[in-house]
1. Might you let me know whether the range 70-77 holds any residue that is farther than 14 Å from L43 by Cα and not β-branched (V, I, T)?
2. Sort out which residues of the range 107-130 are over 19 Å from K59 (Cα atoms), among the small types (G, A, S) and surrounded by 12 or more Cβ atoms within 10 Å (Cβ to Cβ), and write them in order of number.
3. When only residues in the range 80-104 that are part of a helix (DSSP H, G or I), touching a helix residue (DSSP H, G or I) at 6+ places or on another chain (Cβ under 9 Å) and hydrophobic (A, V, I, L, M, F, W, C) count, which is modelled with the lowest pLDDT?
4. For the range 104-117, which positions are of a type in the set (V, I, T) and more than 19 Å from H25 (Cα to Cα)?
5. Can you tell me which condition L107 does not meet? The list is (1) under 26 Å from L41 (Cβ atoms); (2) at pLDDT 95 or above, and all the others hold.
6. Name every residue in the range 48-60 that is in a helix (DSSP H, G or I) and charged (D, E, K, R), in order of residue number.
7. Quick one: in the range 72-103, which of the residues that are over 14 Å from the mean Cα position of the chain (by Cα) and surrounded by 13 or more Cβ atoms within 10 Å (Cβ to Cβ) is nearest to W26 (Cα to Cα)?
Amino acid sequence: MSQGESATPLGKVRGLGSSGEGGHHWLEERFTSVALVLLSLWLVFSILMLPVLDRATLKEWLGSAWGAIPMALLIIAAFKHGLDGLKVVVDDYVHDDGNRIGLHFALNMAAIAGAAISLFALAKIVFGAA
C-alpha cells in the first residue's frame, strides 16, 4: 500500500525515527549528566571542607580513597559525556559519511587521550611520583 494521502497518521510515520537506536544513547547522556552533577557537588563540598587550599593538603586529600576514587569517576564521566555530546553535534551537522567517520575517530582518540592523561596525573598524585 502506498503512503499517499489515504495513509493513516501512523502509516505516514512508520519506518521513520530512531527505530530504537537513540534510546540507549539518550539514557547514557542522562546518566552521565546526573553523575556529573553529583560528582561536581562532591568536589565543591570536599574542597570547601578542606582546612587550607595548599598543595600538601590537596595532595593528601587526593591520596585518600575518599578523594581519588570519586575524582577518577568524575574524570571518566566528564570525558564520556563530552564525547557523547560532540558526537551528536557531528552527527547533526556533518553529512558526508567519510568526514563523519573521520571526526568520530578523532573525537574518540582525543577523549581517550585526555582521560588517560588525566587519570595518569591522578595516579601520580595518589601513588607519588617515581
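1. Restricting attention to the range 70-77, the residues satisfying the condition of being farther than 14 Å from L43 by Cα are 76.
Okay, now just the ones that are also not β-branched (V, I, T), so none.
No, the range 70-77 contains no residue that is farther than 14 Å from L43 by Cα and not β-branched (V, I, T).
2. Going residue by residue through the range 107-130, those that are over 19 Å from K59 (Cα atoms) are 107-116.
Of the ones still in play, those that are also among the small types (G, A, S) are 110-111, 113-116.
Result: A110, A111, G114, A115, A116.
3. Taking the range 80-104 as the starting set, the residues that turn out to be part of a helix (DSSP H, G or I) are 80-93, 97-104.
This time we only want the ones that are touching a helix residue (DSSP H, G or I) at 6+ places or on another chain (Cβ under 9 Å), so: 80-88, 90-91, 99-100, 103-104.
Pick out the ones that are also hydrophobic (A, V, I, L, M, F, W, C) and you get 83, 86, 88, 90, 103.
Values: L83: 96, L86: 95, V88: 92, V90: 95, L103: 96.
Looking at the filtered set, the residue picked out is V88.
4. Start the filter on the range 104-117 by keeping residues that are of a type in the set (V, I, T), which leaves 112, 117.
Once the filter is applied, which keeps residues that are of a type in the set (V, I, T) and more than 19 Å from H25 (Cα to Cα), the range 104-117 yields only I117.
5. Unmet for L107, out of (1) under 26 Å from L41 (Cβ atoms); (2) at pLDDT 95 or above: (1).
6. Of all residues in the range 48-60, those in a helix (DSSP H, G or I) come to 48-49, 55-60.
The answer is R55, K59, E60.
7. D91
Conditions tested, residue by residue: (1) at pLDDT below 95; (2) outside any helix (DSSP H, G or I).
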position	(1), (2)
G4	yes, yes
A7	yes, yes
G23	yes, no
A35	no, no
W42	no, no
L62	yes, no
I75	no, no
A78	no, no
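The values are calculated or read from the model by the stated rules, or taken from the named source; none is laboratory data. The shown structure was predicted, so the numbers you read here are calculated from the model rather than taken from an experiment. Here the Cβ is made from the backbone with ideal geometry for all residues, glycine too, and neighbour counts use every protein chain on show.
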